[in-house]
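This report concerns only the one structure given below.
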Amino acid sequence: MSRKHGGRSLRPEEEALWNKVADTTNPLDRVSAKKTPLENLSPAPKTVVPEAPRAPLKSFRLGERASSKSAGHVISPTISEQVAGHALQMDKKSFTRLKRGKLLPEARIDLHGMTLNRAHPILNRFILDAHANGLRLVLVITGKGKDRDSGGPIPERVGVLRHQVPQWLQMGALRGAVLQVVEAHKKHGGGGAWYVYLRRRR
């Protein structure tokens with residue numbers, strides 16, 4: 001029986017080649033070729049990872065105050081500590097006398113109670129005028145700020161102006177006029193004021 005391919009009968013040599021190839025093949029095992037039903041597949045066993053033991057919660061009583069000791073927490077340095085950590089630029093002997101309140105300020109300005117927007121330009125003018133007039137030591141009074149947070153939803157920093165003034169003194173035109181900033185001695189306002197030691201006028 002001749003076979004047809006593409007609308008024509010196979011030539012004898014083509015049919016002989018086809019029969020030779022067909023004799024070398026084995027029929028598929030229809031049973032083994034069937035797909036295994038999903039319901040017969042057993043799910044892979046789940047790996048159970050044991051939970052790490054949790055530290056027991058410390059008991060407390062209603063109304064009990066939280067401890068003020070915050071062991072393990074990093075507390076940022078105060079503004080006094082930050083300023084005290086600045087490199088010494090002025091003469092060491094003069095610096096020691098300044099810290100002890102032995103040097104008298106040649107001029108002072110009181111920013112206490114002012115808003116930041118009002119205090120900044122006033123401070124700039126005061127420092128630049130003092131430097132232009134050849135003064136070396138001036139006192140900037142900021143006040144210590146309120147003693148406690150008002151309890152509102154947003155925490156408020158105590159002594160915003162006190163924190164901001166040392167930063168202003170290291171910015172812009174003031175940076176070229178200021179040599180050293182030091183917390184004032186108690187008799188000149190202590191934590192509520194800053195000594196500002198100015199550079200020599202060139």
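The values are calculated or read from the model by the stated rules, or taken from the named source; none is laboratory data. All of these numbers come straight from a predicted model, not from anything done at the bench. Heads up, the Cβs are rebuilt from the backbone with ideal geometry, glycines too, and the neighbour counts pull from every protein chain shown. What goes into the accessible areas is simple: the full protein's heavy atoms, side chains included, and nothing from ligands, DNA or RNA. Shrake-Rupley method; radii C 1.70, N 1.55, O 1.52, S 1.80 Å.
Does the stretch 138-153 include one or more residues that are aliphatic (A, V, I, L, M) and either modelled with pLDDT under 95 or open to solvent by 90 Å² or more (accessible area, probe 1.4 Å) (or both)?
No, the stretch 138-153 has no match at all.
Only one of (1) farther than 25 Å from residue 200 by Cβ; (2) open to solvent by less than 40 Å² (accessible area, probe 1.4 Å); (3) part of a loop (DSSP other than H, G, I, E, B) is not met by residue 119, so which one is it?
Here residue 119 meets the rest and fails (3).
Applying the selection to the stretch 169-198, what residues are outside any strand (DSSP E or B) and crowded, with 21+ Cβ neighbours inside 10 Å?
Hits for the stretch 169-198 are 169, 184, 189.
Hey, can you tell me all the residues within the stretch 79-113 that are free of Cβ contacts under 8 Å to residues at least 60 places away in the same chain, of a type in the set (Val, Ile, Thr) and surrounded by 14 or more Cβ atoms within 10 Å (Cβ to Cβ)?
Of everything in the stretch 79-113, just one residue is free of Cβ contacts under 8 Å to residues at least 60 places away in the same chain, of a type in the set (Val, Ile, Thr) and surrounded by 14 or more Cβ atoms within 10 Å (Cβ to Cβ), namely 109.
Within the stretch 58-69, identify whether any single residue is more than 30 Å from the chain's Cα centre (by Cα), open to solvent by 90 Å² or more (accessible area, probe 1.4 Å), at pLDDT 80 or above and of a type in the set (A, V, I, L, M, F, W, C), and answer yes or no.
Among the residues of the stretch 58-69, not one is more than 30 Å from the chain's Cα centre (by Cα), open to solvent by 90 Å² or more (accessible area, probe 1.4 Å), at pLDDT 80 or above and of a type in the set (A, V, I, L, M, F, W, C), which makes the answer no.
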